[in-house]
Amino acid sequence: MTFLRLLSQTKLYWGLIAIFLIGVLSSPVTSSGRNIFLSSGNLLDVLRQVSTTGLVATGMTAVILTGGIDLSVGSMMAICSVVCAMLLTVPGETPAVFLGIPAVGLASLLVGAVVVRFVFLNIEKARGGEANVRDVHLDRMRGTLLPAVGGILLCALVLSFLLPQVQTKFGVLGVLLVAPAVGLLFGTINGAIIVVGRLQPFIVTLAMMVTALGIARLTAGQNNAVLPVYTGTNATADFDVLRQLVFGIVPMPGIFFIVAIILYSVVLRFTPFGRYVYAIGGNEEAARLSGINAGRVKIITYAISGLLAGIAAVLYVAQYRQGKPDAGAGLELDAIAAVVIGGTSLMGGRGSLAGTFCGVLIFGLLSNILQLHNINSNLQLVLKGVIIIGTVLVQERNAHDVLAHLRLTSRRPAQSETAAEERPSRETLSLTMGGKEE
């Protein structure tokens, strides 16, 4: 029984191992007999390709854990890619500047204030020995004025770094500040509308998906379906650092993905915020009654989802050397599929980022195996859909019920015939009772 329980708890990892073994055993080989799937170049390409989806899936996991959904991450990545490409290649006052600079200003103001207030809360908690930060009350100076000053100082520092780049072209650090700030802004708007308007996340994020797509096209311009980025010519050569191998081993996008998922895993596992996320997904009403500010937690999860979509957009521009309004088409579906394959329940309250990491790798390895065998792209979509359904049935523990139902259905006709043969007719009963029927 203990072995079966352990097997059930680790079934996701066994699935990842099974996919990997299938790739090894079915891989084509080179003329020298070398396994193509196991080559370092192929495995690094898999990590590079899944990094964009992985970053988006990392943010999506926390959103789904709260019982929500975010359909707008693909469009948010698209608009951030347009902003990134335009800042890199077009000097002067552009639509990307008018959208990005206010976004990064607001984000730095908010982040500075939150960090200063968080520091004072923990100092007061350490002095008083309270078990919960919510029990700590700050005076007006430490609770409002000093956080506001901290936010203003951080905002001024960031803008003093970015504004001189407007008349030239933005560098790597500049776009890494502005593009994620744009995603953070759109994600915060999503969360605020959901919480304040008390609307379904599906409807709000669907509307944001369409809105962000329109804004991306307006920002790019009517005649700019693609904004090319050629490092060393129309953009800084330093931007190539975001597509290189770190120490000649790991691609830079993979570093961003791994660091993001580790940090967010620590937050969800070891901080009160993480416990609040799971509590809200398990039972939001009970979480509210226990004193958790469910609205604020949900806004933060959507904001972080947008932030990670913005980082993914910068890596997309670095990898494909372009920004375009439809860069993230279908990305939200891949991210949701990876999260669900990783064992996170769409009902909320159950799942982990370790599972999402495995889900992203399973999706990436599966795509790689199909490509190595030159499987038709349309057939690849069909196979992926079937695998998603099968995986969800296993994760939700409904596969046993389905098989039991099929077995019961197949036995039912035979049982009916046997019952009919065994059931005595009215005439037989009549003769048995003396030849008369009352």
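The values are calculated or read from the model by the stated rules, or taken from the named source; none is laboratory data. Note that this is a predicted model, so its numbers are computed, not measured. Because the Cβ atoms are built from the backbone with ideal geometry, glycine has one as well, and the counts that use them run over all protein chains shown. The accessibility values were calculated without ligands, DNA or RNA, using every heavy atom of the protein model including side chains. Shrake-Rupley method; radii C 1.70, N 1.55, O 1.52, S 1.80 Å.
Answer rounded, prolate or oblate for the stretch 316-374, using the Cα gyration tensor with square roots of eigenvalues a ≥ b ≥ c: rounded when a/c is under 1.5, else prolate when a/b is larger than b/c, else oblate. Taking the square roots of the gyration eigenvalues as a ≥ b ≥ c, the stretch 316-374 is oblate. Take the convex hull of the alpha carbons in the stretch 152-266; its mean projected area over all directions comes to 11.0 nm².
By per-residue mean of other Cβ atoms within 10 Å, what is the highest-first order of 13-23, 277-287? Can you show the working numbers first?
Values: 13-23: 15.2, 277-287: 19.0.
By packing density, highest mean first, the sequence is 277-287, 13-23.
Divide the volume of the convex hull of the Cα atoms of the stretch 148-190 by its number of residues and quote the answer in cubic angstrom per residue. List each step's numbers first, then the result.
On the way: hull volume 3.3 nm³, N = 43.
Given the Cα convex hull of the stretch 148-190, per-residue volume reads 76 Å³.
Sorting 198-209, 115-126 by their mean Cβ neighbour count within 10 Å, with the most densely packed peptide first, gives 198-209, 115-126. Given the stretch 231-370 reduced to its alpha-carbon atoms as identical point scatterers, what log10 I(q)/I(0) does the Debye formula return at q = 0.16, 0.19 Å⁻¹? After summing over all Cα pairs, the log10 values are -0.99, -1.25. Entry comment: accessible area of the stretch 1-122 is 43 Å² per residue, from protein heavy atoms only and a probe of 1.4 Å. Accessible surface of the stretch 157-282, 1.4 Å probe: 70 percent of it comes from carbon and sulfur atoms.
Quickly rank 27-37, 222-232 as a protection proxy: mean count of other C-beta atoms within 10 Å, highest first. Numbers along the way, then the final one.
On the way: 27-37: 11.1, 222-232: 14.5.
So the peptides 27-37, 222-232, ranked by packing, come out 222-232, 27-37.
Classify the stretch 214-307 as rounded, prolate or oblate, taking a ≥ b ≥ c as the square roots of the eigenvalues of its Cα gyration tensor: rounded when a/c is under 1.5, otherwise prolate if a/b is larger than b/c and oblate if not. Oblate shape, in that a/c is at least 1.5 and b/c is the bigger or equal ratio. Taking a point 7 Å out from the Cα of TYR230 in the direction of its Cβ, the residues of the stretch 305-327 whose backbone N falls within less than 19 Å of it are 317-324. For TRP14 and PHE118 in one chain, what is 0.36 nm times their gap in residues minus the Cα-Cα distance, to one decimal in nm? Fully extending the segment from TRP14 to PHE118 adds 33.4 nm. Our compactness index for the stretch 67-108, the C-alpha radius of gyration over the empirical 2.2 N^0.38 Å, is 1.37.
Taking 12 Å as the cut-off, the amide N atoms of the stretch 273-309 that come nearer than this to a point 7 Å along the Cα-to-beta-carbon line of MET347 belong to 282-283. Scalar couplings 3J(HN,Hα) for the stretch 296-303, obtained by applying the Karplus form with A = 6.51, B = -1.76, C = 1.60 to θ = phi - 60°, are 5, 4, 5, 4, 5, 5, 5, 5 Hz; x denotes Gly and Pro.
Stretched out straight at 0.36 nm per residue, the stretch from ALA156 to ASP240 would grow longer than its current Cα-Cα span by 27.4 nm. Amide H to amide H distances under 5 Å link GLN322 with VAL229, where only residues 5 or more positions off or on other chains count and H is placed in the peptide plane.
Geometric descriptor of the stretch 213-258, per residue, is 104 Å³ (volume of the convex hull of the Cα atoms).
Working note: Karplus 6.51/-1.76/1.60 with θ = phi - 60° gives the stretch 229-238 the couplings 10, 10, 5, x, 10, 8, 9, 4, 5, 5 Hz, where Gly and Pro are set to x.
Please quote Rg/Rh for the stretch 58-188 to two decimal places, taking the Kirkwood radius as Rh and restricting both calculations to Cα atoms.
Ratio value, two decimals: 1.08.
The phi torsions of the stretch 59-75, fed into the Karplus equation with coefficients 6.51, -1.76 and 1.60 and a -60° offset, translate into couplings of x, 5, 4, 5, 4, 5, 4, 7, x, x, 7, 10, 8, 9, 5, x, 5 Hz, rounded to whole numbers, with Gly and Pro shown as x.
Share of the stretch 305-395's accessible area from carbon and sulfur, percent, 1.4 Å?
Numbers: 2290 of 3460 Å².
So the carbon and sulfur contribution to the accessible surface is 66 percent.
Considering amide H positions built from the backbone, and no H for Pro or chain starts, which residues 5 or more places from ALA235, or on another chain, come under 5 Å of its amide H? Hits under the 5 Å cutoff: TYR230.
Simple spin-label estimate for ARG275 and LYS125 gives 1.0 nm between the two label positions (7 Å along the Cα-to-Cβ direction from each Cα).
Using the Cβ-Cβ distance between ASN376 and ILE262 with R0 set to 41 Å, the FRET efficiency from 1/(1 + (r/R0)^6) comes to roughly 0.65. Eigen-decomposition of the gyration tensor built on the alpha-carbon atoms of the stretch 165-231 gives equivalent ellipsoid semi-axes of 29, 16, 8 angstrom, largest listed first.
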